[in-house]
Amino acid sequence: MSLKKKAIIFALLLGIIVLAFYNYLLYALLIIPALVFVVFYRKIKKAVYILIYFCKLLFKKHPQVIETGEAVEAYHFIQLPDGRKLSYQLYGMADGWPVFYFHGTPSSSSEAQLIDNEILVNNQVRLIAIDRPGIGMSDFKEKRSFSNWATDVEQVASKLGIDKFSVLGFSGGGPYVAACAALIPERLTSALIVSGAWNMDVKEAQQHIYESVRLFWKVAAKAPFLLPYIMKGMQTHTEEVTEKDVEMWKYQATEVDFTFLNENNRMGYLKRAIMFALNNIKGITCDVLMHVRKWDFDLERISFPITILHGLKDRNVPAALVEKMAAIIPNSTLKLYENEGHYSILGNQLQDVIFAVTGKAAILPEKFEPSVNDEQVSSPVSN
């Protein structure tokens, strides 16, 4: 073992002892992953990166970003038979075709603002974006599952007087669409997953993604007790987009995603959705962990057709994972786009999004017409 490596190991051990002595035992444990990387994987640079990250968590103040007032006024509430309430927001046409929107992870219902509201109105779509239990203004539910969510959605639809409806899941909302397709197919008219995050604890999920995303899911799968501290570290002092936020997105997003988010205040909508979710660490942690644990329904038994749209430039969820999941689900249709990232499909491919949920050709302004570079790279693959 080199002298440099011995010095780093000694520094890490000393850090653990000092933190433990000052009653920061939990933070002392946070250094252990860095030590493991040095000893077993010989990745000194990554170990230092992990150590610096957790030290930032130690000294960072964790504010509550959104409290009450104007932000809450946009929310509607439904009380379920078990006494819980779920919060939701409405977009598009009030009496349009009902589409339940399932937000990503970590995020909340206001994320639906990434989809142009004018286009929803023009296409007579009523978008109902629900906060999952423990997220936004929705009550927390202990030991919830994907199956529980299908039941919740069915009850919300019944409370709203909706018999048949469509479901649209973005990113982490994808598995929730699959759960509805598996468990309440008789209530659905269509099911769409955009940039879906599936089981993120498999080999395919770790390839061709950002290092920060890979580390996030590895912590969730291997050391879930650390996840709440990472979530707290994601909180900021303001819900407004700062220059630092813009620089971060410029660095951590593909060019096509950054361009999409940097227009029409979409970056602000997304930040607000994420920060609102992070107000309840317990709720959002539960939501994240569901993507690395065994699911309580079988993809193979889904009989209802699901459309899946995914960009080959997506570095949050690799296309290889999506192709694997699409191959498992019967009657699924996968469309891959060569020049789309994780978020940009919600803007550049709205003609496919609208058609997938309504079955009708989309009415789009000229600026939203797909260019040659936006074409899908392969014919739909149906099972």
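I'm checking my understanding of the structure. Among residues of the range 277-301 that are among the hydrophobic types (A, V, I, L, M, F, W, C) and over 17 Å from residue 177 (Cβ atoms), which one is surrounded by the most Cβ atoms within 10 Å (Cβ to Cβ)?
Among those residues, the one meeting the criterion is 277.
On the stretch given as the range 226-267, residues that are over 19 Å from the mean Cα position of the chain (by Cα), part of a helix (DSSP H, G or I), among the acidic types (Asp, Glu) and modelled with pLDDT under 90 total 2. On the given criteria, is residue 304 at pLDDT 90 or above and among the hydrophobic types (A, V, I, L, M, F, W, C)? Yes; evaluated as a whole, the condition is true for this residue.
Conditions tested, residue by residue: (1) outside any helix (DSSP H, G or I); (2) open to solvent by less than 20 Å² (accessible area, probe 1.4 Å); (3) not polar (S, T, N, Q).
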residue: 121; (1), (2), (3): no, no, yes
residue: 128; (1), (2), (3): yes, yes, yes
residue: 142; (1), (2), (3): yes, no, yes
residue: 154; (1), (2), (3): no, no, yes
residue: 177; (1), (2), (3): no, yes, yes
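One line per residue, one yes/no per condition, for (1) in contact with a Ser or Thr (Cβ under 7 Å, 6 or more places away or on another chain); (2) among the β-branched types (Val, Ile, Thr); (3) in a strand (DSSP E or B); (4) open to solvent by less than 20 Å² (accessible area, probe 1.4 Å):
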site	(1), (2), (3), (4)
77	yes, no, yes, no
82	no, no, no, no
86	yes, no, yes, yes
94	no, no, no, no
101	no, no, yes, yes
104	yes, no, no, yes
107	no, no, no, yes
111	no, no, no, yes
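Of all residues in the range 352-359, one or more are free of Cβ contacts under 8 Å to residues at least 12 places away in the same chain, open to solvent by 20 Å² or more (accessible area, probe 1.4 Å) and under 25 Å from residue 165 (Cα atoms). When the residues of the range 330-376 are filtered to those that are aliphatic (A, V, I, L, M) and part of a loop (DSSP other than H, G, I, E, B), the one that is modelled with the lowest pLDDT is 364. For the range 325-351, the set of residues classified as aliphatic (A, V, I, L, M), over 25 Å from residue 96 (Cα atoms) and surrounded by 22 or more Cβ atoms within 10 Å (Cβ to Cβ) consists of 325, 326, 329, 334, listed by residue number.
The values are calculated or read from the model by the stated rules, or taken from the named source; none is laboratory data. Note that the structure is predicted; figures quoted are calculated from it, not measured. Cβ coordinates were reconstructed from backbone atoms using ideal geometry, including for glycine residues, and neighbour counts include every protein chain displayed. For accessibility, only protein heavy atoms count, side chains too; no ligands or nucleic acids. Shrake-Rupley method; radii C 1.70, N 1.55, O 1.52, S 1.80 Å.
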